[in-house]
Each structure stands twice: as C-alpha cells, then as structure tokens.
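Chemist: One structure coming up, written as structure tokens, with questions to follow.
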Amino acid sequence: MQTDTNKYLYTTVIDFVEFRFVTKQPTNGFSIKRNTGFVYVEPVNEGAGGAATIFKVRFHDVTFWNDLERSIKKLKSLYELESEPVISTLEVSFDAYSKDSNFDELVEHATNFNTMLANPVSDNRRITFGVKNELILIHSKERLLTLLRRGGTICIGKQESDDESMRIYIKTIDKKKPIPQDHYRARIEITLRGNALPFSNLDDAKNYKFTELSRYFKFRQFKSYSTEGLTLIERTFAIIGERKRRYRKGVGARMYSLSTLAHTALNRIVYDNLRGMRSRLNTGRKRILR
C-alpha cells in the first residue's frame with residue numbers, strides 16, 4: 001500500500017538532548033536533581049556511597065534553546081564544574097499524525113517507515129516489546145503490521161551504544177502515561193552520539209541546519225502501476241526501500257529495487273520540517289506541515 005501523505009499531519013521534534021558534565025567535587029545524582037529540579041540525572045563514574053564526578057543530564061521535548069541555556073546556567077551557579085557541559089546525545093523524531101485519528105493508518109505508516117527507509121543506519125534490525133522480550137525482525141510486512149499493532153518497537157542499531165541508531169513505533173504513551181488517541185503518531189527517530197553528533201554545544205546548535213539530517217529520513221514508495229507480482233512484494237517484504245547494491249547477471253548493479261522510486265512528497269515534507277527547526281528552536285514556535 002502506498003503512503004498517502006494527505007491523510008496525515010507531520011512534524012519534526014527534538015525528543016531529547018543529553019549533556020555530560022564533570023564536577024570538581026564528588027556529589028551524587030539525587031542532590032543534583034533536588035537542587036536543580038532536573039528530571040533525569042545519571043552518574044557515570046559512581047563510587048562508594050553513590051558519589052560521582054561525571055554526570056549525564058537529559059532534557060526531553062526540547063522546544064526552545066534558551067530553556068536549556070537557563071538550565072545549564074542554573075547548574076553552573078550551584079556546582080563548580082571542570083569545564084563547560086557538552087552535548088553527548090541528540091534524538092530527533094519525525095512524526096505522522098492521522099487526521100482521522102485512525103490507528104490502523106498509523107500502523108501502516110510506521111510499517112512503511114521501515115519497509116521504505118532508504119538509509120537505515122545498521123543491518124542490526126529487530127523488533128522488541130521490552131528488554132526481556134526481543135524478537136528478531138521477521139521479513140514479512142504482514143507479520144510486522146501485527147507486531148506494531150501490538151505495541152512493538154522496531155530497533156535499528158543499538159540505541160545505548162551505537163553512534164547512530166533508529167527506532168520506529170506508534171507513540172501512545174508519553175512520560176509513562178497514556179495520551180489521547182488524537183495525539184497518537186507513527187514515529188521514526190534517529191539517536192546520535194559520538195562521532196555522529198552534529199554539534200556539541202548550544203552555540204553551534206543554534207546555528208545548525210537541521211536539513212543535514214534529512215539523509216536519515218529519506219523514503220521510497222512503490223511505483224504506481226499494479227501487478228500481481230508487485231502486490232505480492234508489497235504484502236510480503238518488510239524491507240525493500242534500502243539503498244544497497246543489487247546485482248543482476250549480465251545487467252550490473254543498481255542501488256534501489258526496480259519496483260520502487262523516491263517518495264518525493266514525503267521526502268519534501270521531511271525536508272521542509274527540518275528546515276524550519278532552527279527558527280522554531282530559537283523562537284519556541286512549533287510547526288506542523290501537511
């Protein structure tokens with residue numbers, strides 16, 4: 001099935017930004033949380049008694065860079081740091097909302113995020129329902145639809161360790177609480193750390209052109225003609241849009257499946273949303289594109 005972008009509203013968001021900082025004197029994460037009001041603080045080199053000097057602090061749902069500046073300024077006013085805090089992880093999400101709040105449409109869209117993704121960051125693909133219940137990704141779109149409908153999350157790469165990783169799922173919970181059905185969305189997110197980080201401080205973040213991330217959110221679609229063979233491909237394969245060498249005897253190599261072409265409409269929506277992120281983050285205004 002083709003993805004009809006007219007059925008959805010789209011937006012890009014920063015899911016979280018994580019900073020790493022070093023205190024001159026040992027302290028513990030609980031006191032930092034209590035004194036700063038930060039929601040997420042994690043000690044990195046925790047020792048006896050819970051004391052540490054290296055910490056990570058994570059800010060979710062970032063809409064305004066100045067909010068982060070105020071938070072970091074508060075941290076520096078309370079604790080003597082070895083150096084300026086640096087950005088250690090960035091997660092950016094592309095969301096599709098069903099205009100009719102249709103859950104099945106969201107499941108189909110999320111499945112197509114996976115099936116038609118042109119540039120996955122890893123061959124390590126799986127679907128999980130939690131740390132204790134991981135499944136190898138089944139190469140059947142019909143099976144994938146079922147697993148996503150049940151609340152599964154597609155993982156591409158290892159989110160906690162790889163420089164680049166991705167996840168695809170239906171977002172129905174926020175901050176561990178259910179959200180209204182009209183806020184459900186099909187989400188694909190890219191998590192960047194290490195050498196993949198596009199910036200390491202807020203000054204650079206403010207001037208960053210988020211369109212540089214569009215390579216992670218490029219999609220294919222099936223060609224418009226319909227044949228019995230193509231219908232079988234649509235129903236069967238969980239991965240078909242990936243850019244990779246495909247060799248054919250006597251023909252040479254091609255990079256994409258012959259049954260697909262670029263999803264120009266969706267790729268343009270992604271690009272336009274990313275293009276507007278710099279101004280939105282500097283002004284606090286959120287934008288949703290059709």
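Every number in this text was worked out from the coordinates using simple rules, so none of it is lab data. It should be emphasised that the depicted structure is a prediction, and the values quoted were computed from it without experimental measurement. Heads up, the Cβs are rebuilt from the backbone with ideal geometry, glycines too, and the neighbour counts pull from every protein chain shown.
Chemist: Using r as the Cβ-Cβ distance of ASN45 and ARG126, and R0 as 22 Å, what FRET efficiency do you calculate, to the nearest 0.05?
Modeler: Efficiency, from the Cβ-Cβ distance: 0.10.
Chemist: Using the 2.2 N^0.38 Å rule of thumb for compact globular proteins, work out how segment 60-102 stacks up: its C-alpha Rg over that value, please.
Modeler: Scaled against compact globular proteins, the figure is 1.79.
Chemist: List residues of segment 90-125, by number, whose backbone nitrogen lies under 17 Å from a label position 7 Å along Cα→C-beta of LEU9.
Modeler: From segment 90-125, the list is 94-103, 105-106.
Chemist: Same structure again: Using Cα centres only, tell me the gap between segment 175-215 and segment 74-119 in whole Å.
Modeler: 4 Å
Chemist: Three principal axis extents, largest first, for the C-alpha atoms of segment 113-214, in Å?
Modeler: 43, 34, 27
Chemist: Can you pull the three principal axis extents for the Cα set of segment 4-118, in Å, largest first?
Modeler: Projected onto the principal axes, the Cα atoms of segment 4-118 cover 56, 29, 25 Å.
Chemist: In addition: Between beta-carbons, use under 11 Å as the cut-off and find the net charge around ASP203, counting Lys and Arg +1, Asp and Glu -1.
Modeler: For residues surrounding ASP203, the net value is -2.
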